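To start, the structure under review is shown below, and the notes come after it.
The values are calculated or read from the model by the stated rules, or taken from the named source; none is laboratory data. Every value quoted in this text rests on a predicted model; they were computed, and no experiment measured them. Areas reflect the complete protein model, heavy atoms only, side chains present, ligands, DNA and RNA absent. Shrake-Rupley method; radii C 1.70, N 1.55, O 1.52, S 1.80 Å.
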Amino acid sequence: MLESYVTPILMSYVNRYIKNLKPSDLQLSLWGGDVVLSKLELKLDVLEQELKLPFTFLSGHIHELRIHVPWTKLGSESVVITINTMECILKLKDGGQEDLESSGSSSTSRSNTESVKSQIRPRKIQQAAPTDPDLPPGYVQSLIRRVVNNVNIVVNNLILKYVEDDIVLSVNITCAECYTVDEFWDRAFMDILATELVLRKVINFSDCTVCLDKRNASGKIEFYQDPLLYKCSFRTRLHFTYDSLNSKMPSVIKIHTMVDSLKLSLTDQQLPMFIRIMQLGIALYYGEIGNTKEEAEDPPSNPKDTVVNMPGSEEEMGTGIPYQSQEMFSIPDDDDQQGWVSWAWSFVPAIVSYGGENEGEGDYTVTEDGTMMPGPKSQQSKDPIVSIGFYCTKATVTFKLTEMQAESSYYSPQKVKSREVVRWEQEGTTVEVLMKGEPFFDCQVGFVGSQAVCLKGIMGVKDFEENTNRSDMEACFFTCGENLSNKGNTYLTNSLFDYRSPENNGIRAEFILDSTHHKETYTDMAGMQRFGAFYMDYLYTMESTGGKGSINQDFPSVKTEDIGGFQEMSTKSLVVGPIDLQLDSSSVHRIMKMIACACDHEYEAYSSFQPATVEESKTIPSSEEVASLEEYIPTRLSSLTLMKCTITITMAEFNFLDHLMPVIMGQKHSSGMLNTTSFQPIRPLPAIKLFSDKINFEHSVPMYAEQLVQTVSSLSQPSDNLLHHCYAHCYLKVFGFQAALTYLNSKGTYCSPVPLVPSFSTAIYGKLLRLPQCWTNRTNVPLVEYIFELPSLSIQATRAQTLLLQVISHSWLYSSKNHGSLGLSETLLNEVFLTAVWASVEADADTHNLSPVLELPLLLGNFLTSEMQRTILAFAGSY
C-alpha cells in the first residue's frame, strides 16, 4: 500500500519537531487523509541542533497543524501542510540570564534536553523496500520524489520575536505559502524530468509587518512605536537544477526575492536599536560572537565547518585568524573561529534535501511495516552553486521624531506622536550573493538612483512646513544616479524575474567562479552601466596555485602540510555615481539629529579590540617557509571611487549644533530649550560649491597581520617584499578639484559660480606599520610614512570674497539668533557676484579687474606659512 511508504515520511517530520505525539494516533489520522493537531509545542533543542543558529529558542508554539493527504490522487495532487498561528521567541546565545517574559515557557520546553540529544535523528528516505509486487522499486522512488517535490506548505499568522537588552524585534507574516510551479511560474503539479532536470518553487509572503519596540526593566513594553515595516508583500522564486534524476542535491540553487514597494520607518528611539541589530549581524558574519559551551561539546560532523574561514576583516576587527595559505600556520580545530557564512553554507544542504539533512550523513530505508532502517552511507555530493538575490523596485526610509502626548486621564495609556523629518528614496535596488562551497563567495550590491528629502520642521524650526511655501527643489538635498524610468529594468538582469534570463528560456545558466575572469567581467564601468548610482562588488576566493580556479569541495580533506598550494584573496570595490549634496541648515541639522539619536544609547559593543600579544620567544621560520611567504601573501584590497561629486555648503540660516554636538561627543543632553517656531529664509543665500571629477581611495592590509608580522619580525634581514606586506597602505587621489562661490536666489536655484580655486589634482600616499610592538628592536623600520603630491595649486579671491567666506564659516561655528550680526549685507553680495561678472567682461577687453585679487600659487612641497596666514587675515580685515 502507498500508505506504508508515504506515511513514515510525513510522520518523521511531525514527530521530529513536535512534542507529546502518539505515533499510532497520528498514523491512523494520516491514513484517513486529514490530520488536525492543536496546541503543539516545538522541540526547541532539536531546532537549535539542526539549524545551528547563533540564537536560542525561549519558546515555540503552534496553535493548529493540518495535514491533508489525497491518497486517491497522490500522483497528481499535492500534499498540503497548513500551520495556523506559529510563534517563536529567540534570544542570542550568551549563557546568561533567561528572558523575564518567557522564563516559564522556556523552562518547560527544556525538560527533556538530554533525552532529545540521545535520540537518533531520523534520516532521509533513500529507497523503500520493495515487498509489494504491484509497487516496484522504481515506482516507489518516483512516487516519493513527486510527493516531496509537490508538497504545499501554508503558514497563517507566523510570529517571530527576538529579545535582547531592551530590544524587542517582532516579525509578523499574515500568510506564507510555498508551492511548485511550471516554467511560466504558475502553480502546477510538476516533477523533475530527464529532459530538463529542473524544479521550480514559489514562496509568497503576504502582509509582512516588522516592529521594533523598547521594553522597560520589568520586560514590558510601555508604548508601541510605529512599525518598522507595515504590511509588505513580496515573492520568492526558487530554481533548482539537477545533474541527473538520481541526484539528491541540486547542482545549481537560485533563490531570488522581489519586492515592488518597500516602505521603512524609523523613529529616534528605534534608530539605536536598529543599528544594534545591524551590528549583531555584522558580528555574526565576522565570527566575533563565539558559540556556547554546549555547541563546543557537540561539534558538527561536517569537517568543512571547522576548516575554512569565510571572508571578512577578522584581522581588522581584532581577532586572530590562522594564516591558512602558508605551510607554517595550522588550521583551527574549534568552532569559535567560524564566521556566519560558514554556518550559512553548512545549512544550505538542509534546505533543499529531501529529509532536511546534509548529504553523506547516512540514509534510511523504509520497511513494509513503516519502520525506518539504516541504509548504506551515500557518497558526499559536490558543493552546489548557490545564487541568492534580493530586488526592490522602489524603497523609502522615513526618519521620524517622537514626542509624548499628554492624556486627560491619569489612567490613560501614554501615546506617542511621531513627526516625519527626513525621507530617503531609492529605486532599482539589487543585492546578489553567489557562492560555491566555502572557498568562493561574491556579493554585489547596486541601485539605480536615490535622493534624500527634508520633511516638515526640525528642532522647533518650521523650515518645510506647509505654510513656508519652499520649493521641492530646496527640500531635496541629496541626489545620486538616474531615474528608473529612464534606466529600465537593468537591475533585474539575469535574475529569475528577468524574462531574458537563461532559466526563463530553458537554458542552463553559466557562472563565473574564478577571480581572474570575475575581475575582467564585473568591472566598475560595467557595474555603473547596469545601475548608475551605486555599485559594490565584494569577492573572496581561495584558489589553487595550479591555476585551475577555485578549489572544490575536497579542500576540507586536504592535510595541513598541503595548504601552501592554495591562495586566498579578498577585494572590495565601491563605485558611486554623480553625487549632488547640498548642506544647508535644514539638511545638516536633520543629519546631525539622526547621528545624535544613534549615539544616544548605553549598549555595549559585541566585541572589543584586544591588542595582539607578542611572543617572547619567537620561532625563526625555515628557508622553505620564507620562500612560501615570498611567493604569495594574502591581502585584503578595498577601493572607493566617487564620480563627479558636487557639494554645496550654504550659510547657516539657523544653527543649533551646540545642542546636538554634546550628545554626539558622548555628553549629556543640553539643558537649554528650543522655542523657535518661525522661520524666515535668507535670500539670496551665499554658498560654497566644491566639485571634483573623480576621487579614488584605496586601502590594502594583510589578511592575517598578526601571524605575518610576528613571523617577518623574527627574521634578521627580511626582504623588501615581506616588509611591504607588513604595512597597511592607503592611497587617496583627487582629480579635477575646484571651489567656487555661489548663492541661492528666491526661486530656489543657484547662480553661476564665481571661481575661487581653479581645477587641480593631488594625491596622498601613506603606510602604517601593523603591530608596532613587534618591531621594538628594529629602529630602522619606520612606523609611519606619508607622500604628498601637489603639482600646482592656486587660490584666487578678492577682499569681498574672502570676507564672505569668513561670514559663511562663522555662521556654522557660532550659534547666532540674529543673522544680521554675521556681517552679511546686500552690498557685500553685490561686491562679490556683480563685480565678478563685470571683471570677466573687462578681462575679455584686456583691462584690469575692478578689485584687487589675492593669488597664492603653491608648488610642490610649499605650504601655507604663518606669515601667509597673517597676510590673508589682514587682507580680509582691510575691507
- prompt: Can you tell me the Rg and the Dmax, both Å, for the Cα atoms in segment 10-59?
  reply: 12.8, 40
- request: Could you list which residues have their amide H under 5 Å from that of LYS52, counting only those 5 or more apart in sequence or on another chain, with H placed in the peptide plane?
  value: none
task: Measure up LYS487/LYS694; LYS214/LYS400; LYS19/LYS73; LYS161/LYS394; LYS201/LYS248 against 20 Å on the Cα-Cα distance and list the ones that go over.
output: LYS487/LYS694; LYS19/LYS73; LYS161/LYS394
- prompt: How many angstrom separate the Cα center of segment 511-542 from the Cα center of segment 457-494?
  reply: 29 Å
- request: Using a 1.4 angstrom probe on the protein heavy atoms only, line up ASP25, ASP182, ASP720 by accessible area, largest first.
  value: ASP720, ASP25, ASP182
Residue order for LEU193, LEU160, LEU169 - accessible surface, 1.4 angstrom probe, largest first: LEU193, LEU160, LEU169
- request: Ignoring everything but the protein chains, give the 1.4 Å probe accessible area of TRP71 in square angstrom, nearest 10.
  value: 40 Å²
- line: Sorted by chain and then number, the residues having a modelled amide H within less than 5 Å of the amide H of SER794, at least 5 places away or on another chain, are LEU858
message: No solvent, one uniform scatterer per C-alpha: report log10 I(q)/I(0) for segment 719-828 via the Debye equation at q = 0.12, 0.19, 0.20 1/Å, two decimals.
response: -0.70, -1.04, -1.11
- request: For GLU543, tell me the accessible area in Å² from a 1.4 Å probe, rounded to the nearest 10.
  value: 30 Å²
message: Quick one: 3J(HN,Hα) in Hz for segment 6-16, Karplus 6.51/-1.76/1.60 with θ = phi - 60°, rounded, Gly and Pro as x.
response: 7, 4, x, 5, 5, 5, 5, 5, 5, 6, 6
message: Just to check I understand the Karplus step: with θ = phi - 60° and J = 6.51 cos²θ - 1.76 cosθ + 1.60, what whole-Hz values come out for segment 56-64, glycine and proline as x?
response: 10, 7, 7, 7, x, 9, 10, 5, 8
message: Can you compute 3J(HN,Hα) from phi for each residue in segment 30-42, using the Karplus curve 6.51 cos²θ - 1.76 cosθ + 1.60 with θ = phi - 60°, rounded to whole Hz and x for Gly and Pro?
response: 5, 5, x, x, 9, 10, 10, 10, 10, 6, 9, 10, 7
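Taking a 1.4 Å probe, which of LYS214, LYS91, LYS593, LYS22 shows the most accessible area, and what order do the others take after it?
Largest to smallest exposure gives the sequence LYS22, LYS214, LYS593, LYS91.
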- request: Give the long-range amide H neighbours of VAL252: residues separated by 5 or more places, or on another chain, with amide H under 5 Å away, using H modelled in the peptide plane at 1.01 Å from N.
  value: THR241, ILE385
message: Need the C-alpha centroid separation for segment 576-607 versus segment 1-59, integer Å.
response: 49 Å
- prompt: How much accessible area does TYR731 have with a 1.4 Å probe, in Å² rounded to the nearest 10?
  reply: 80 Å²
